[in-house]
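Student: Structure provided below as structure tokens; questions to follow.
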Amino acid sequence: MIKPNMNYGRLKESYLFFRIAQKTKEYLKNNPEKKLLRLGIGDVSLPLCDAVIKALHKAVDDQSSKETFHGYMPECGAPFLRETISCYYKNRGVNIDSEEVFVSSGASDELGDILDLFDRSSSALVIEPSYPAYVDANIMAGREIIHLNSDQKNGFLPLPDKSLKADLIYICSPNNPTGAVYNKKQLKQWVDFANGNGAIILFDAAYEAFIEDDELPHSIFEIEGARTCAIEICSLSKTAGFTGTRLGYTVISKDLKRNGMSLNSMWVRNRTTKTNGVSYIIQRGAEAVFGDEGQTQIKQNIQFYKDNAKILTETLDEMNIWYTGGKNAPYIWMKCPDKYSSWEFFDLLLNNAQIVATPGEGFGKCGEGYIRFSTFGSREDTLKASEKLKELLHSIQ
Ligand code: MLT
């Protein structure tokens, strides 16, 4: 009889966002008259910007005539998009060759798929609280996980020390869920650690477009030494509202080698076997994100979410509640009132204020006692949620 992958037995019963969706569905079933204020999963509420829509329409038309039609796309990405993304890096002073850019169907797919490059015996260090898919994907692959806790004391930005041992290191900056961002000096410590130990950093840059402080790095490749120890995974989901459109990109430098193997060549080998590329239409839409018009328009959308963040953080300031994030990241990480665990506070918010948030414990044990608000909701929901949150906090103080 075939033996299933028994590692699935080591996973939590359900994935965090699935569990939240089930709980909210149940609530609505029992309270059909209520309207929920959705500040849970980080899903965008604004439509795609005009420049992207125009490019998508044009690409659909291209598919209607023999001369401009495209069949299978190159597995690692269309040259026009790889080149465009390489220029995006160049404009920020980072030299990335177009052949070092791989177009993907999104960062979450890629974060799981990329594990194909590493031996199962390698260990994965996850800085927690963290996006739960890092842990789950490694458990599914049978890998040992090293949990590195972060907390208020280290600003949710732990640094490596000599006692640490890890082969793969996950870093998400700006961080989901805490919104904390490593500065260049701190990232350099991780890069030196990885180079010194032969480890590889998987750098999740999905929220880089939210950084507003000029000195903070958007890419790990802004750090000297990163080309020999890092893979960067990025996405247009939050940058340009592509959560339902799907497109991301991964950067693997040609200088990244281990045991005489080039990780860039290995990824070419993997992609050419396992994918048939991302759709021509979507890649044209993505290309428009990086044009002048696209950049102006996506920045307006990002500003809209930042204004949502301001509405929520002003309420928390007024109530004297501790939080972090909301400035260089689209998440607000709030300390729950004293007697509540994350899930208890989640239930209280849902039942008494109809607010859907994300319990901190879902991002790892050290997230216990915190709750995360997404700022990607509609303005109406955000304003109502902030009013109701204030009322609720008053009523339990
Ligand atoms: C989140 O809410 O943490 C993200 O939206 C999840 C994701 O990007 O898949």
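The values are calculated or read from the model by the stated rules, or taken from the named source; none is laboratory data. Worth saying up front: this structure is predicted, and the values here are computed from it rather than measured. For neighbour counting, all protein chains shown are included, and Cβ atoms are generated from backbone atoms with ideal geometry for every residue, glycine included. Side chains included, ligands, DNA and RNA excluded: accessible areas come from the protein's heavy atoms. Shrake-Rupley method; radii C 1.70, N 1.55, O 1.52, S 1.80 Å.
Student: Hey, could you check region 128-154 for residues that are assigned to a loop (DSSP other than H, G, I, E, B) and within 16 Å of the ligand (Cβ to nearest atom) and say which is most open to solvent (accessible area, probe 1.4 Å)? Let's see the steps before the verdict.
Tutor: Residues of region 128-154 assigned to a loop (DSSP other than H, G, I, E, B): 129-131, 141-144, 150-154.
With within 16 Å of the ligand (Cβ to nearest atom) added as a condition, the list becomes 129-131.
Values: Pro129: 3, Ser130: 4, Tyr131: 44 Å².
Within region 128-154, the match that is most open to solvent (accessible area, probe 1.4 Å) is Tyr131.
Student: Yes or no: Thr245 within 21 Å of Val278 (Cβ to Cβ) and either more than 12 Å from the ligand (Cβ to nearest atom) or open to solvent by 20 Å² or more (accessible area, probe 1.4 Å) (or both)?
Tutor: Numbers: within 21 Å of Val278 (Cβ to Cβ): yes; either more than 12 Å from the ligand (Cβ to nearest atom) or open to solvent by 20 Å² or more (accessible area, probe 1.4 Å) (or both): yes.
Answer is yes for this residue.
Student: Could you please find all residues in region 79-122 being hydroxyl-bearing (Ser, Thr, Tyr) and open to solvent by 10 Å² or more (accessible area, probe 1.4 Å)?
Tutor: Within region 79-122, the first condition is being hydroxyl-bearing (Ser, Thr, Tyr), and the residues that meet it are 84, 86, 88-89, 98, 104-105, 108, 121-122.
Thr84, Tyr88, Ser98, Ser105, Ser108, Ser121, Ser122 - these are the residues of region 79-122 that are hydroxyl-bearing (Ser, Thr, Tyr) and open to solvent by 10 Å² or more (accessible area, probe 1.4 Å).
Student: Condition first: open to solvent by 10 Å² or more (accessible area, probe 1.4 Å) and either in contact with a helix residue (DSSP H, G or I) (Cβ under 8 Å, 6 or more places away or on another chain) or not assigned by TED's automatic domain parsing to the domain that holds Arg227 (or both). Now tell me which residues in region 173-192 satisfy that.
Tutor: Lys184
Student: Let me ask something else. Please go through region 213-245 and pick out each residue that is within 15 Å of the chain's Cα centre (by Cα) and under 17 Å from Leu168 (Cα atoms). Quick ask: steps written out before the conclusion?
Tutor: Taking region 213-245 as the starting set, the residues that turn out to be within 15 Å of the chain's Cα centre (by Cα) are 218-220, 231-244.
Answer for region 213-245, where residues must be within 15 Å of the chain's Cα centre (by Cα) and under 17 Å from Leu168 (Cα atoms): Ile220, Ile231, Glu232, Ile233.
Student: Let me ask something else. Being surrounded by fewer than 23 Cβ atoms within 10 Å (Cβ to Cβ), without any contact (Cβ under 8 Å) to a residue 40 or more places away in the chain and more than 15 Å from the chain's Cα centre (by Cα) is the requirement here; does Thr68 meet it?
Tutor: Working: surrounded by fewer than 23 Cβ atoms within 10 Å (Cβ to Cβ): yes; without any contact (Cβ under 8 Å) to a residue 40 or more places away in the chain: yes; more than 15 Å from the chain's Cα centre (by Cα): yes.
The answer is yes for Thr68.
Student: Kindly indicate whether Lys66 is more than 16 Å from the ligand (Cβ to nearest atom), of a type outside the set (S, T, N, Q), farther than 23 Å from Arg379 by Cα and not in a strand (DSSP E or B). Walk me through it before giving the result.
Tutor: Values: more than 16 Å from the ligand (Cβ to nearest atom): yes; of a type outside the set (S, T, N, Q): yes; farther than 23 Å from Arg379 by Cα: yes; not in a strand (DSSP E or B): yes.
Taking the combined requirement at face value, the residue satisfies it.
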